[in-house]
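The values are calculated or read from the model by the stated rules, or taken from the named source; none is laboratory data. Since the structure is predicted, the reported quantities are computational estimates derived from the model, not experimental observations. Ideal geometry is used to build each Cβ from the backbone, glycine not excepted, and the neighbour counts take in all protein chains shown.
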């Protein structure tokens, strides 16, 4: 990020706000007072439980250069720099609009039912080969995160990669019209959030809203050629005059996946694009990482950039905490391997995680253990989609713990030898999970965000080098 991202004069003009106190320059925008960086603008968003205005003083003391507010908090020094607007979120959006207007960057927008954040991170790594890149931090992809990410865009960046998410119709439409991407990719259309939609086609409709922000007749649309809703999404893209570039196993794909060998240390992949064959390797574990990398290369191909250079650049992009990161936990002689998928879950991502578990070899007498929480927002299909995991779970794990009412229905159908325990909440079962671990075990923890699976991950991390080791023979059953 450049030393000066915005001046107070620029922000006053963008927001039509009023400056109180000295003029300032900022290097970042921050919405969480616990994550203040020196010289940032603290955006005092009001919330259901807390109001950012209550933390303005603490943010300024922690090093914020100024705060974006809709009222002047009491007790502040007259030397405090404040930018006052009628509504803080609208003010942040106004800054995002100004950032987009002044940007010279080629902007890429990423959406999809699963794989958005990994695709965004890989795209950022690939594009860094060709110039300076700005990307959404983490998964800032909603009505707050997207304008925040866009507001952070330096005016001299060469590329920007922004993630756009939704769980209702109309949400991506608003975000993409704000971002106005040059290229938009839909990684896939799956049953994530289907409880909020009529059917899968309506999810495809919601994802296809991303094309509404493309410049008429000049945009690029990158689509999964293997997805059942490819033609639906393609029609939506073509209605804007976008040029379509596709990826997948299909012979008709612009960037075609010829083959992939996936193992516990990553994948070797062969693709064909533009009449040439490319062989490359990535450290991301699982077929979903291999397939998503093909989508990344399709974006690079659409932009007319060097695929070989991009493929080399994405090799070491791997899963982050909560999204599949693998952690070695010191535990006895052989340790434990934690696969942290605690951030979220859907039928597609649960299947991918179980495939990773099945290919990961325990050490010594260790076992493959799955700790699975409910997949939320699946509506009337929830019970079916949970029970549909039975064969995958049974074929991947030696021991299974479940959390939540839907996973309880799954566990009732498990063979008794596989069942380790069940809890209504993650906190309730965390101690039971830890008590049954043995050195050498591989442990997958996965569930929807609302299931708050983090306490189980934390409990497993906390046993590092402890003396709570249970002999393998005593750890089965329950």
Checklist entry - When you scan the stretch 105-130, how many residues do you find that are in a strand (DSSP E or B) and surrounded by fewer than 24 Cβ atoms within 10 Å (Cβ to Cβ)? => result 2
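Can you tell me which residue among 185, 203, 172 is buried (at least 23 other Cβ atoms within 10 Å of the Cβ) and over 18 Å from residue 108 (Cα atoms)?
Working: 185 fails: over 18 Å from residue 108 (Cα atoms); 172 fails: over 18 Å from residue 108 (Cα atoms).
Within the list 185, 203, 172, the selection yields 203.
Tally time: how many residues in the stretch 149-158 are touching a helix residue (DSSP H, G or I) at 6+ places or on another chain (Cβ under 7 Å) and surrounded by 22 or more Cβ atoms within 10 Å (Cβ to Cβ)?
First, pick out the residues of the stretch 149-158 that are touching a helix residue (DSSP H, G or I) at 6+ places or on another chain (Cβ under 7 Å): 150-151, 153, 155.
Among the residues that remain, those that are also surrounded by 22 or more Cβ atoms within 10 Å (Cβ to Cβ) are: 150-151, 153.
Residues flagged as touching a helix residue (DSSP H, G or I) at 6+ places or on another chain (Cβ under 7 Å) and surrounded by 22 or more Cβ atoms within 10 Å (Cβ to Cβ) within the stretch 149-158 amount to 3.
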Checklist entry - Which one is surrounded by the most Cβ atoms within 10 Å (Cβ to Cβ), of the residues in the stretch 215-236 that are under 17 Å from residue 200 (Cβ atoms) and out of contact with any strand residue (DSSP E or B) (no Cβ under 9 Å at 6 or more places or on another chain)? => result 232
Checklist entry - Is it the case that the stretch 258-272 has a residue that's crowded, with 19+ Cβ neighbours inside 10 Å and over 21 Å from residue 121 (Cβ atoms)? => result no
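Matching residues to (1) farther than 25 Å from residue 11 by Cα; (2) within 22 Å of the chain's Cα centre (by Cα):
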site: 87; (1), (2): no, no
site: 119; (1), (2): yes, yes
site: 145; (1), (2): no, yes
site: 152; (1), (2): no, yes
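Somewhere in the stretch 323-332, is a residue assigned to a loop (DSSP other than H, G, I, E, B) and touching a helix residue (DSSP H, G or I) at 6+ places or on another chain (Cβ under 8 Å)? First the steps, then the outcome.
Here is the first cut: in the stretch 323-332, the ones assigned to a loop (DSSP other than H, G, I, E, B) are 323-324, 330-332.
With touching a helix residue (DSSP H, G or I) at 6+ places or on another chain (Cβ under 8 Å) added as a condition, the list becomes 323-324.
The answer is yes, given that some residue of the stretch 323-332 is assigned to a loop (DSSP other than H, G, I, E, B) and touching a helix residue (DSSP H, G or I) at 6+ places or on another chain (Cβ under 8 Å).
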Checklist outcome for this item: Taking the stretch 58-99 and the residues there that are within 26 Å of residue 220 (Cβ to Cβ) and in contact with a helix residue (DSSP H, G or I) (Cβ under 6 Å, 6 or more places away or on another chain), the one that is surrounded by the most Cβ atoms within 10 Å (Cβ to Cβ) would be 99
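Of 348, 352, which residue is in contact with a helix residue (DSSP H, G or I) (Cβ under 7 Å, 6 or more places away or on another chain), within 21 Å of residue 262 (Cβ to Cβ), outside any loop (DSSP other than H, G, I, E, B) and not assigned by TED's automatic domain parsing to the domain that holds residue 194? Please lay out each step first, then the result.
On the way: 348 fails: in contact with a helix residue (DSSP H, G or I) (Cβ under 7 Å, 6 or more places away or on another chain).
Exactly one residue qualifies, and that residue is 352.
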Checklist entry - Out of curiosity, is residue 96 touching a residue at least 24 places away in the same chain (Cβ under 8 Å), part of a helix (DSSP H, G or I) and closer than 16 Å to residue 149 by Cβ? => result yes
